[in-house]
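Heads up: the structure comes next, in structure tokens.
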Amino acid sequence: MATGDDLEGRLAMQYEPATYRRRIAGHDVIIHCHHYNARLQRTLEGARGIDGKGLIASTAESVFADHLARAGRPEDDEATRLALAELLYARLGFGRIDLGRLAEGVVTASSSHFVEGWLAGLGQSERNVCTFTEGYLQAAVFAVLGAAVTVRETECMARGAACCSFVVERGERGSSPRIAPAPNRKQAGVPVPAERGGPFVRSANVDEQAIIDAVVGIPMVGDAAGLIPAFSVYLANMPADFYNQVCIGFVEAMRGLGREKAAMRLLVSDAEHCGMNTFRGIMHSPEWDGLIAPMVRDRADALIAIIAISNALGWGDWHITAHTPTSLALESRYGYEAVGFREYRGEASTPQCAMLTGVAAGVMELVYGEGTVEDRYGTFASHEESCVSCGAPACIFTVERVE
Amino acid sequence: MHRERVPACVHPETYKYFLERDAVLATWERLAARYGAPRRDPSFRTMEVVAPRFRVRATLLGNPVTVLRQRACTPADIEELHALLGYRE
């Protein structure tokens, strides 16, 4: 069996300063917090007429079957593959899973980003919330045993259980034979832009590179519980492929119901709340107080610092090109949504960056708004004017205060 | 001393405790004696002690301190912490 050091070495993060991308075992990962992940899940699973839960599980299965295959080695024995599946889950910040009783068809989880996120961000749940983990476990079983299975959560900490429990069902799923995870098939991506773009709005007070270096320097890996409590929120390293596939799949499923625009609005809204909640948490954190607050003299400085943090989290390689207290313009040359859409679907006919569009409004509401999150929501409107997914050289976002 | 609730955090009952200036060093000594030496992060200029069911985090100045509770954190855990901090509701 491979040693722990060997396995951890396989999952070491590589950072690319030119695009702010983080890569773990061949997959670009994006750091989002529990606010975004919980809201996105609620939106997908709450949409009537589509199987949002199935979409999340099958996407997690597809993406992590690929991720675990890339992290594995041909010479790995079964014990190594089991350990690798547990370790990847924990290091990415999703929690702790125990695959020790897999032969009995039982898996347990003693901690979960999705449980903590749901309870902290959305409150009590009447149903099990570990859909993502069901998909991850299907991928893990496939990676370890080569078997296509269905995993179902039977008990969930979100509903008061001591731990989350899952059953692993082999063979038939409904009336269809269970097949291997769908391949994570992509086309050639968008080349990394040679030009940096701009000119960008800077502040003499804010050392953006120091912020980025500090955030990138934090070992963003799960703690003993497999969680990443940083900046006063729970963070997780999610493969960009997962976000892109679930969001594309959600919009396409909703298009089938004639509700494509509503789907995009929902995704933008989730990100708008994320922009406010995530950065509100961050701005109240000791990390902000220690490094960033001393640089911030006014609200514009806070906005520039927030964008620097979001770049360090891998969101968009985006920068401010114009800014007043009532308006904002941003340019992104390598956002994961636009690049991902091109990889999965080719050139788009309309802009695709729902997350960045929503966050752009959310951060303005946070920095320049007043009152509670709900008071601020909708007080700024954002629009993606052009998008890399449509063949443009950059994604351009404009935000205006709603009068 | 007083405390203020911190919004949008890992736990709804997250607070910043503002220690009396003269009590900062002694408070951190008590925290270290009970929960172990603080870990320092020079990049963000922060430090924290990690208890089994919560973390106490602050800038290197040591004040205010943010208490990040885990879901399993009990009233007894907080009562003990409050005694160490010298906080009374």
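The values are calculated or read from the model by the stated rules, or taken from the named source; none is laboratory data. It should be emphasised that the depicted structure is a prediction, and the values quoted were computed from it without experimental measurement. All Cβ positions, even for glycine, are placed from backbone atoms using ideal geometry, and neighbour counts span all protein chains on display. Keep in mind that these areas ignore ligands, DNA and RNA; they rest on the heavy atoms of the full protein, side chains included. Shrake-Rupley method; radii C 1.70, N 1.55, O 1.52, S 1.80 Å.
If you run the Gaussian network model on chain A, springs between alpha carbon atoms under 10 Å, then out of A:Gly52, A:Gly226, A:Gly281 the most flexible one is A:Gly281.
With all protein chains in place and a 1.4 Å probe, the accessible surface of the protein assembly as shown carries 51 percent carbon and sulfur.
By definition, a body whose alpha carbon gyration tensor gives a ≥ b ≥ c is oblate when a/c is 1.5 or more and a/b is not larger than b/c, and segment A:1-79 fits this oblate description.
Tell me, what is the percent relative contact order of segment A:4-177, built from C-alpha pairs under 8 Å that lie six or more residues apart? Working shown, then result.
Working: 262 pairs, mean separation 35.4, N = 174.
Dividing the mean separation by the residue count of segment A:4-177 yields 20 percent.
Helix A:260-283: angle to the longest alpha-carbon principal axis of chain A, degrees 0 to 90, nearest 10? The answer is roughly 80 degrees. The mean count of C-beta atoms from other chains within 10 Å of the C-beta of residues in B:40-52, rounded to a whole number, is 5.
Using only protein heavy atoms and a 1.4 angstrom probe, determine the accessible area buried between B and A, summed over both sides, in Å² to the nearest 100.
Details: alone 5860 and 16100 Å², together 19950 Å².
Buried area (both sides, nearest 100 Å²): 2000 Å².
Could you tally the net charge around B:Val50, taking each other residue with its Cβ under 14 Å from the Cβ of B:Val50, Lys/Arg +1 and Asp/Glu -1?
Details: positive: B:Arg34, B:Arg39, B:Arg40, B:Arg53, B:Arg55, B:Arg57, B:Arg69; negative: A:Asp223, B:Asp41, B:Glu48, B:Asp77.
Value of the local net charge: +3.
Note on A:106-118: average number of Cβ atoms from other chains within 10 Å of each residue's Cβ is 1.
Report the FRET efficiency, 1/(1 + (r/R0)^6), for A:Arg196 and B:Phe18, where r is their Cβ-Cβ distance and R0 is 35 Å, rounded to 0.05.
Details: r = 43 Å, r/R0 = 1.22.
Calculated value: 0.25.
Shape class of segment A:196-283 from the alpha-carbon gyration tensor: oblate, with a/c at 1.5 or above and b/c at least as large as a/b. Taking Cα atoms only, the orientation of helix A:336-345 departs from the longest principal axis of chain A by about 50 degrees. Think of a 1.4 Å ball rolled over the protein heavy atoms: segment B:2-85 then has 51 Å² of accessible area per residue. Rounded to the nearest 20 debye, the dipole magnitude of the protein assembly as shown is 300 debye, with +1 charges on Lys and Arg beta carbons, -1 on Asp and Glu beta carbons, and the Cα centre as origin.
Between A:Gln245, A:Gln41, A:Gln187, the residue with the greatest mean-square fluctuation in the GNM of chain A (Cα pairs under 10 Å linked by springs) is A:Gln187.
Let me know the shape class of segment B:2-85, please: from the alpha-carbon gyration tensor, a ≥ b ≥ c as square roots of the eigenvalues, rounded when a/c is under 1.5, otherwise prolate if a/b is greater than b/c, or oblate.
On the way: a/c = 1.32, a/b = 1.22, b/c = 1.09.
Verdict is rounded for segment B:2-85.
For chain B, modelled as a GNM whose springs connect Cα atoms under 10 angstrom apart, the maximal fluctuation among B:Ala26, B:Ala76, B:Ala51 occurs at B:Ala76. Across segment A:1-34, the residues whose backbone nitrogen lies under 18 Å from the label position 7 Å along the beta-carbon direction of A:Ala103 are A:1. Against the main long axis of the alpha-carbon atoms of chain A, helix A:208-217 sits at an angle near 10°.
With a simple spin-label model that places each label point 7 Å from the Cα along the Cα-to-Cβ direction, the separation between A:Ala180 and A:Arg127 comes to 3.2 nm.
In angstrom, the C-alpha Rg and Dmax of chain A are 20.6, 64.
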